[in-house]
């Protein structure tokens, strides 16, 4: 069972935008409208794929490989999706991984009713577990975050091989009126709610997010002006359509903005984290 506050957030979301976007089109006599609705629904689904990005930060140029897929074929895993992100040298040498994130979340459906009285179904991704490994100056650092919703706790395991330190802690999950997402899965987390499609139509909108920072505490140590806490309050908002045809959204968190550029079919094309000097752009190299 997901955190109850997720349901409250979706209700708030539907109070802002009409539920008619998600209503059934089975009674429509307009086949064109039905086809368009089907296409929009497809754009909101998680795409199982492996995509290569050109990645650069203050230390140099790299290759980022992002893979999305289902965890397994057995019944208990059928709604579990993983996102695997690897940062490699610029030449793409997969034997020399510099950073690796493997996060799993569960796809769930919530039946909600909006302020207009109409009901609809909203999908959400509920975080389950995230494993993070990074190599810094030849030393390996590992972090695992595991969510226990029954106890409302986040179990944190961190291993610092340089200092020979293994630490286990538990952190209480804050109660927030927002959906909860791993930072590494923000793209999919937002996509499945249907917000990307709806915001493009309305040319406006924002949704609150409670972010869980994958890789805590090692991830935050690599970047400037990020707090050491595991959770951060954020908003994901529509930021306009650009001349190249992409639609830009901004993830506003901890006083910083991370810009996400999506295609009209909701594929991530580019991500810019200006405060950290990070650029991630879909590569022509397969």
What is the projected area of the convex hull of the Cα atoms of the range 227-286, averaged over all directions, in nm²? 5.4
I'd like the FRET efficiency for residue 164 and residue 223, computed as 1/(1 + (r/R0)^6) with the beta carbon distance as r and R0 of 30 Å, rounded to 0.05. 0.75
Ranked list, fewest to most other Cβ atoms within 10 Å of each Cβ, for 196, 157: 157, 196
Ranked by Cβ crowding within 10 angstrom, fewest neighbours first, how are 154, 145, 136 ordered? 136, 154, 145
Order by neighbour count: 107, 64, fewest other Cβ atoms within 10 Å first, most last. 107, 64
At the level of C-alpha centres, the distance separating the range 242-286 and the range 57-112, in angstrom, is 17
In nm, what is the difference between 0.36 nm times the number of residues separating residue 49 and residue 70 and their Cα-Cα distance? 6.5 nm
With label points built 7 Å along Cα→Cβ from the Cα atoms of residue 78 and residue 155, find their separation and express it in nm. 2.7
Of all the Cα-Cα pairs you can form in the range 130-207, what percent are over 22 Å apart? 46
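Quick note: the coordinates plus some simple rules give every number you see, no bench work behind them. Note that the structure is predicted; figures quoted are calculated from it, not measured. No Cβ is skipped: glycine too gets one built from the backbone with ideal geometry, and neighbour counts run over all protein chains shown.
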